[in-house]
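Read the structure below first, then the notes.
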Amino acid sequence: MKFHIESIELPEALGSKYKLWFLPEIHSNLTDHRSLLRKQAVTLLRPFGISKKDETNLLNLDSPPLITKGAVSLSHSPEGSVVFYSESSKNIGVDIEIKTRISESVLKRVSSKEEFSNHPPSFDLFTSKEACWKALNDKYDLPTLSHIETFNWDTQNVSWWNFSAKSSGQNFAGIGYSRSFQQFFLSFFILDSTFVRKHRQR
């Protein structure tokens, strides 16, 4: 089965080593959506030289989506899915969610008062924190989203906001991006100290 795939334009600061794809026909209301998304991820990543072992791992629903070189992160919602790929960074996370499914009460439950007050108006904290959790949890023990705090929200173009993340006063070496996309909120986080230094020097 062939699915429609939309490439999402990323912030210029990332260069060409990252790719983000939206797949509107693969959504969590389908009984086999996880398998379908994994298969499409394999198809998307083949041109980047993933190995047969990587393909086998990606198709195994009992294993996290790991590849030998670079990294991949997946997310799905009732209205579509995304695949985020990094050619170099090993720890990345992506999250997509329908705007109407995220309530203010949920945001307040997973956010500090300061964080809730300082994030962009009419914007989402849930997907940004979920993206961080996916990128960071391989290296840090972060039991819940409320253990992650976003800060330094800033925008450098009309589409993407960027942000930093910390936990218990510890700043994570990385950068996150978040945006409104159609009926969704969409966020990703990259744990990469080299990129952060370049970003902060701009």
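The values are calculated or read from the model by the stated rules, or taken from the named source; none is laboratory data. Remember, predicted model here, so these are calculated numbers, not experimental data. For neighbour counting, all protein chains shown are included, and Cβ atoms are generated from backbone atoms with ideal geometry for every residue, glycine included. When the accessible area is computed, the model is the full protein with side chains, heavy atoms only, and any ligands, DNA or RNA have been set aside. Shrake-Rupley method; radii C 1.70, N 1.55, O 1.52, S 1.80 Å.
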Please go through region 5-31 and pick out each residue that is over 16 Å from the mean Cα position of the chain (by Cα), at pLDDT below 95 and part of a loop (DSSP other than H, G, I, E, B).
-> 15, 16, 27, 28, 29, 30, 31
Could you pull out the residue among 84, 116 that is open to solvent by less than 20 Å² (accessible area, probe 1.4 Å) and either under 27 Å from residue 173 (Cα atoms) or part of a helix (DSSP H, G or I) (or both)?
-> 84
Considering (1) of a type in the set (Gly, Ala, Ser); (2) part of a strand (DSSP E or B); (3) free of Cβ contacts under 8 Å to residues at least 12 places away in the same chain, say which one residue 105 fails and leave the rest.
-> (2)
So which residues in region 27-67 are in contact with a Pro (Cβ under 8 Å, 6 or more places away or on another chain) and polar (S, T, N, Q), if there are any at all?
-> 28, 29, 57
Taking residue 66, is it within 23 Å of residue 137 (Cα to Cα), without any contact (Cβ under 8 Å) to a residue 24 or more places away in the chain, open to solvent by 80 Å² or more (accessible area, probe 1.4 Å) and under 20 Å from the mean Cα position of the chain (by Cα)?
-> yes
